[in-house]
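**Student:** Handing you a structure now.
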Amino acid sequence: MKFNIITLFPDFCKSIDSYSIIGRAIKNGVIKVTTVDLRQFGLGKHQQVDDKPFGGGVGMLLRVDVMDSAINSIKKQKNSRIVLLSPQGKQFSQKIACKYSKLDQVTFVCGHYEGFDERIRNLVDDEISIGPYVLSGGEIPALAMIDAVSRQIPDVLGKEKSKEIETFSIVDDIQIKEYPQYTRPNEYRGEAVPEILISGNHNEIEKWKSDNMDKIA
């Protein structure tokens, strides 16, 4: 699967190449992450990518013509989505991550500065937010979404991924919160590991895990 990130700060996004599970997936060719430097499509000798808003206002807006050129520079695939990252978008979720993991390509459009020309919304398929708060740009949301989506792709976590139960996994059509987990020492500061987990009774252990998975509303 291929991820594209249209950004003014490509070096910031390249850090994901060496990041743990995702870095290994990139190295193994399971996923590919490409950055597209928006500045390369800027206008004039100063490669201008933004301008003052009509009607006045604070800050600068990313230009629609510059963004259009950047998006069009990416080779289109049938099974793909272009995603604008903005605080006004639909909130990202595990369900969206699973949906995107079945695509061949996802392109993330990172906003910056004070905002972007409203017409940029017409150039994309989806508008997504990672939460009800404002960040300085879309780079952090893009990296977070690449991580979440990649974990749903076969061979990123390993062959046993389908047997994993994580928070937000779907079990019997119900989204769950993962059961508590423990490791050594058996007791720490007066708090002990539940006896059932060290009993060796695998049937009872599995029942305990099932009983301690919470449903997510």
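Only the coordinates and a few stated rules stand behind these numbers; no lab work does. The structure presented is a predicted model; accordingly, all values stated were derived computationally and were not measured. Note that each Cβ is placed from the backbone with ideal geometry, even for glycine, and that neighbours are counted across all protein chains shown.
**Student:** Relative contact order of the range 2-150: what whole-number percent is it, with Cα pairs under 8 angstrom and at least 6 residues apart?
**Tutor:** Values: 255 pairs, mean separation 42.9, N = 149.
About 29 percent, as a whole number.
**Student:** Pairs K27/K209; K2/K95; K32/K75; K102/K209: which exceed 25 Å Cα-Cα?
**Tutor:** Details: K27/K209 35 Å; K2/K95 19 Å; K32/K75 14 Å; K102/K209 29 Å.
As for pairs spanning more than 25 Å Cα to Cα, those are K27/K209; K102/K209.
**Student:** Under the classification rounded if a/c is under 1.5, otherwise prolate if a/b is larger than b/c and oblate if not, where does the range 40-91 fall, given a ≥ b ≥ c as square roots of the Cα gyration tensor eigenvalues? Please report the intermediate quantities before stating the final value.
**Tutor:** Working: a/c = 3.42, a/b = 1.29, b/c = 2.65.
Oblate.
**Student:** Then there is this: Could you give the nm distance between label points at K95 and N79, where each point is 7 Å from its Cα heading toward the beta carbon?
**Tutor:** Between K95 and N79, the simple spin-label model gives 2.2 nm.
**Student:** Counting DSSP beta bridges with both partners in the range 1-128, what percentage is antiparallel, nearest 5? Intermediate values should be presented prior to the final figure.
**Tutor:** On the way: 3 of 26 bridges.
So the antiparallel bridges in the range 1-128 amount to around 10 percent.
**Student:** Right, another one. Pick from I205, I26, I153: which is most flexible by mean-square fluctuation in a GNM of the chain where alpha carbon atoms under 10 Å apart are linked?
**Tutor:** In the Gaussian network model the winner is I205.
**Student:** What residue among E191, E114, E204 has the largest mean-square fluctuation in a Gaussian network model of the chain, using Cα springs under 10 Å?
**Tutor:** Judging by the Gaussian network model, the answer is E191.
**Student:** For the range 96-150, take N as its residue count and report Rg(C-alpha) divided by 2.2 N^0.38 Å. Please report the intermediate quantities before stating the final value.
**Tutor:** Details: Rg = 11.8 Å, N = 55, 2.2 N^0.38 = 10.1 Å.
So the Cα radius of gyration is 1.17 times the expected 2.2 N^0.38 Å.
**Student:** Filter the chymotrypsin sites (Phe, Trp or Tyr not before Pro) in the range 106-151 to those in DSSP coil with at most 15 other Cβ atoms within 10 Å of their Cβ, and list the result.
**Tutor:** Working: sites: F108, Y113, F116, Y133; in loops: Y113, Y133.
Within the range 106-151, the qualifying chymotrypsin sites (Phe, Trp or Tyr not before Pro) (loop, at most 15 other Cβ atoms within 10 Å) are Y113, Y133.
**Student:** Could you tell me the extents of the chain's C-alpha atoms along the three principal axes, largest first, rounded to whole Å?
**Tutor:** 71, 37, 33
**Student:** Describe numerically, in nm with one decimal, the distance between label points set 7 Å from Cα along Cα→Cβ at K27 and at S210.
**Tutor:** With each label point 7 Å from Cα toward Cβ, the separation is 3.9 nm.
**Student:** What order, most packed first, do the peptides 76-83, 100-107 have when packing is the mean number of other Cβ atoms within 10 Å of each residue? Mind showing how you got there, number by number?
**Tutor:** On the way: 76-83: 14.6, 100-107: 18.6.
Packing proxy ranking, top to bottom: 100-107, 76-83.
**Student:** OK, next. Name the residues whose placed amide hydrogens come within less than 5 Å of the amide hydrogen of F116, ignoring near sequence neighbours (fewer than 5 apart) on the same chain.
**Tutor:** HN-HN under 5 Å from F116: L62.
**Student:** Using a Gaussian network for the chain with springs between C-alpha atoms less than 10 Å apart, which of these wobbles most: P53, P194, P141?
**Tutor:** Among P53, P194, P141, the largest GNM mean-square fluctuation belongs to P194.
**Student:** D50's amide H: which non-local residues (gap 5+, or another chain) put their own amide H closer than 5 Å, with H modeled 1.01 Å from N in plane and none for Pro or chain starts?
**Tutor:** Those lying under 5 Å, H to H, from D50 are R63.
**Student:** Also, quick follow-up: Quick one: work out the % antiparallel among DSSP beta bridges in the chain, nearest 5.
**Tutor:** On the way: 10 of 34 bridges.
In the chain, DSSP labels about 30 percent of beta bridges as antiparallel.
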